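Throughout, read-outs are computed from the coordinates displayed, never taken from laboratory work. This is a predicted model, so every value here is computed, not measured. For neighbour counting, all protein chains shown are included, and Cβ atoms are generated from backbone atoms with ideal geometry for every residue, glycine included.
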Amino acid sequence: MEQKPNAIIATQYPSIQEMIIPGQGLKTPPVSPFFMDVTLRDGNQALRKPWNLEEKEIIFKRLLKLGVQGIEVGFASASKQDFEACSYLSSLAPENVAISSLSRAVEKEIDLSWEAIRKAPRPRIHIVYPISDFTIRNVLGISEKQVKENIIRSVSYARKLAGNYGEVQFSGEHFGDSLENMDFAVEAFQAALDAGADVVNLPNTVERYRPYLFVAMVRKVVESLPQGSKISVHTHNDLGMATATTVESFFAGATQLETALNGLGERAGNTNTYEVAIALHNCGVKVDLDLQTIYETSRIVSRMSGVPIPEKAPLIGDDVVAHRSGIHQDGVSKTKDMKKGAYRAFDANLIGRPEGDRIAFTSQSGKSAIYEILMQSGISVSKEEASKLQPILKSISENYGGGELSIEEIKTELEKVRSIGEFRS
């Protein structure tokens with residue numbers, strides 16, 4: 001019997017039964033994610049005005065306060081300033097945080113990386129080299145055999161430098177473009193592991209396709225490499241889907257997640273640390289970060305980077321806790337004291353936000369908005385009064401073009417109608 005197209009498509013995704021434990025909730029991997037932060041390297045190199053050493057130290061200490069498990073402090077061979085920054089920050093590192101410097105697969109650059117970070121209690125040399133068919137042919141202009149040889153040579157060299165003291169990570173640049181040569185990509189990662197790499201990183205260097213395609217590629221690598229191999233992902237946000245890609249990659253077996261504060265990074269940026277952390281937290285994953293530092297950290301990073309936070313930015317945008325539709329406001333009002341809110345994706349207290357659900361009155365708002373706004377401002381009002389005041393405020397808002405009314409305007413109208421006995425029975 002011929003299979004219907006929809007049935008074929010459906011088999012490409014995990015079923016609900018595969019994602020839920022009956023009576024217990026969502027299935028989660030047995031390990032917590034290892035957050036490898038790239039703000040000081042990928043994020044900093046993309047700024048119009050890269051940070052100086054003093055600024056990098058501030059960001060470094062914010063990362064330690066957040067509790068990330070690894071920090072890429074820079075690209076030591078890129079410049080004298082970057083080398084000095086990597087060296088200085090490495091000297092400040094605690095024992096439990098991996099400290100990395102990026103390097104191309106060039107021995108003199110690997111030497112500089114090691115020299116810069118060897119002071120860290122847990123140093124990591126990070127080597128990056130292209131593995132996609134497109135890049136191999138059009139950028140490197142060499143054979144896959146030569147690519148593999150260069151990976152083995154550079155990783156082996158880094159392994160000898162680091163010895164038993166340091167770690168080595170290999171990133172297959174443009175892994176997300178490796179659809180045409182996935183078998184070779186797996187070979188490349190296996191070769192890196194055989195040469196002494198502790199971690200292999202799968203970057204979506206340029207986001208071109210739907211998240212599940214990349215996730216399926218990650219799963220292919222996870223299933224092909226020896227059990228227990230440490231797999232990492234590093235995704236960019238060119239199409240706005242980096243968070244989804246990274247979160248789902250964790251469920252596909254990637255335990256190290258490379259992210260950046262405020263989503264800073266080349267072009268549209270890297271995966272946003274906060275979004276990934278809270279998405280995983282909401283799914284029942286144990287996230288070993290101090291989530292309450294998120295909101296404050298986001299403000300500091302925005303100010304120091306000169307990159308503003310959009311008002312609609314998930315979690316940290318000014319407007320993401322606001323509710324203006326009457327239907328939404330009614331749901332917010334009725335569930336405000338519950339752990340799960342009708343229109344609340346996250347608890348503001350969880351990320352250290354000073355305000356939770358904020359109800360605002362516009363021409364789209366109902367009586368629940370008036371009641372909640374006044375009560376939260378310390379003004380006692382009955383549900384009946386709020387119901388009678390709603391059409392008056394709605395009319396005023398419509399005269400403003402449907403705009404939002406301030407608490408002062410609402411109070412003024414309340415006083416007016418009360419003074420003329422509008423609410424007397």
| said: Tell me which chymotrypsin sites (Phe, Trp or Tyr not before Pro) from region 327-384 have a DSSP coil assignment and no more than 11 other beta carbons within 10 Å of their own. | reply: none
| field | Residues of region 372-394 with amide N under 13 Å of a point placed 7 Å along Cα→Cβ from Glu409 | value | 392-394
| By how many degrees, 0 to 90 and rounded to 10, does the Cα axis of helix 242-251 deviate from the longest principal axis of the chain? | 70
| 15 Å cut-off, amide nitrogen to a point 7 angstrom out along Val31 Cα→Cβ, residues in region 235-264 | 249-258
| remark: A chain fully extended from Glu107 to Lys336 at 0.36 nm per residue, minus the present Cα-Cα distance, gains in nm 76.5 nm
| query | If you average 1/r over all unlike Cα pairs in region 28-305 and invert the result, what Kirkwood radius do you get in angstrom? | reply | 18.4
| Using a basic spin-label model with each label point 7 Å from the Cα along Cα→Cβ, how many nm lie between Lys383 and Ile58? | 5.0
| message | Given R₀ = 45 Å, what would the calculated FRET efficiency be for Lys312 paired with Glu115, taking r from the Cβ atoms and rounding to 0.05? | response | 0.55
| query | Looking only at region 278-309, which residues have a backbone nitrogen under 19 Å from a spot 7 Å from the Cα of Tyr13 in the C-beta direction? | reply | 280, 283
| Which value, in debye to the nearest 20, gives the size of the charge dipole of region 212-299 about its Cα centre, when Lys and Arg are +1 and Asp and Glu are -1 at the Cβ? | 200
| request: Quote the relative contact order of the chain in percent (integer), defining contacts as alpha-carbon pairs under 8 Å separated by 6+ residues. | output: 12
| request: Would you work out which of Gln45, Asn150, Ala188 lies farthest towards the positive end of the dipole of the chain, given +1 charges on the beta-carbon of Lys and Arg and -1 on that of Asp and Glu, about the Cα centre? | output: Gln45
| query | Under Stokes-Einstein, with the Kirkwood radius over Cα pairs standing in for Rh, what whole-number D in µm²/s applies to region 56-188 at 37 °C and 0.692 mPa s? | reply | 213
| message | Given a Förster distance of 35 Å, report the FRET efficiency between Glu266 and Leu92 from their Cβ-Cβ distance, rounded to the nearest 0.05. | response | 0.85
| message | Taking the Cα centre as origin and putting +1 on Lys and Arg beta-carbons and -1 on Asp and Glu beta-carbons, what dipole magnitude results for the chain, to the nearest 20 debye? | response | 500
| field | DSSP-loop chymotrypsin sites (Phe, Trp or Tyr not before Pro) across region 128-211, with at most 11 other Cβ within 10 angstrom | value | Tyr165
| What translational diffusion coefficient, in µm²/s and rounded to a whole number, does the Stokes-Einstein relation yield for region 169-292 at 20 °C and a viscosity of 1.002 mPa s, taking the hydrodynamic radius as the Kirkwood radius over Cα pairs? | 148
| task | Set the Förster distance to 25 Å, then compute FRET efficiency between Arg210 and Ile20 from the Cβ-Cβ distance, nearest 0.05. | result | 0.60
| message | Treating only the Cβ of Lys, Arg, Asp and Glu as charged (+1, +1, -1, -1), what charge dipole size does region 281-394 show about its Cα centre? Round to the nearest 20 debye. | response | 260
| said: Which lysines, if any, have their Cα less than 21 Å from the Cα of Lys336, not counting same-chain residues under 8 positions apart? | reply: Lys367, Lys383
| query | Pairs Lys27/Lys65; Lys394/Lys416; Lys312/Lys394; Lys108/Lys160: which are spaced more than 18 Å apart, C-alpha to C-alpha? | reply | Lys27/Lys65; Lys312/Lys394
